[in-house]
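The values are calculated or read from the model by the stated rules, or taken from the named source; none is laboratory data. The structure presented is a predicted model; accordingly, all values stated were derived computationally and were not measured. So basically every Cβ, Gly included, is an ideal-geometry build from the backbone, and we count neighbours across all protein chains shown.
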Amino acid sequence: MSNKTLGDQGEAYAADYLRQNGYRILTHNYRTKVGEIDLIADDHGTLVFIEVKTRRSVRFGTPAEAVNYKKKQKIIQAAYWYLHAQHRENDVCRFDVLEIYAAGGIWNVRQIKGAFEA
């Protein structure tokens with residue numbers, strides 16, 4: 001399985017996980033000229049910008065460790081674009097990272113709520 005396929009499956013799994021936990025998915029793969037946000041969801045009135053990282057192992061570090069300073073800045077800038085475009089500048093927001101582990105056909109999720117701030 002290619003990394004792209006694994007990532008796509010991880011994002012689909014993440015969206016299902018979030019729905020099962022009461023989130024309403026608003027947007028998948030929101031793209032702007034400054035960056036991309038994997039998922040945007042509503043968590044009982046909080047607008048959540050979610051970065052999904054899928055890995056087969058932690059051999060090269062945890063998935064969340066791949067969300068470095070530069071990646072965070074791109075997500076934050078894309079979030080500003082989304083807020084402005086949707087006229088939601090005053091919404092309560094949060095940035096989460098979902099670590100998806102896919103090993104041997106078993107999928108596990110670790111959600112890091114408030115993983116970083118704007």
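Of note:
- Those residues of the range 27-39 which are in contact with a Phe, Trp or Tyr (Cβ under 9 Å, 6 or more places away or on another chain) and part of a strand (DSSP E or B), in sequence order: THR27, TYR30, GLU36, ILE37, ASP38, LEU39
- Hey, ALA15 modelled with pLDDT of 95 or more, closer than 19 Å to ALA78 by Cβ and assigned to a helix (DSSP H, G or I) or not: yes
- Of all residues in the range 87-118, those being part of a strand (DSSP E or B), small (Gly, Ala, Ser) and in contact with a helix residue (DSSP H, G or I) (Cβ under 8 Å, 6 or more places away or on another chain) number 2.
- Filter pass, ASP16 being buried (at least 16 other Cβ atoms within 10 Å of the Cβ) and closer than 16 Å to ILE100 by Cβ: no
- Selected residue (criterion: surrounded by the most Cβ atoms within 10 Å (Cβ to Cβ)) from residues of the range 87-115 that are in contact with a Lys or Arg (Cβ under 8 Å, 6 or more places away or on another chain), modelled with pLDDT under 95 and among the hydrophobic types (A, V, I, L, M, F, W, C): ILE100
- Taking the range 96-118 as the range and being touching a strand residue (DSSP E or B) at 6+ places or on another chain (Cβ under 8 Å), farther than 19 Å from TYR23 by Cβ and of a type outside the set (Asp, Glu) as the test, the residues that pass are TYR101, ALA102, ALA118.
- Residue that is modelled with the highest pLDDT [pool: residues in the range 40-86 that are part of a loop (DSSP other than H, G, I, E, B) and either touching a Lys or Arg at 6+ places or on another chain (Cβ under 8 Å) or hydroxyl-bearing (Ser, Thr, Tyr) (or both)]: VAL67
- Condition met for LEU39 (crowded, with 16+ Cβ neighbours inside 10 Å and touching a Cys at 6+ places or on another chain (Cβ under 6 Å)): no
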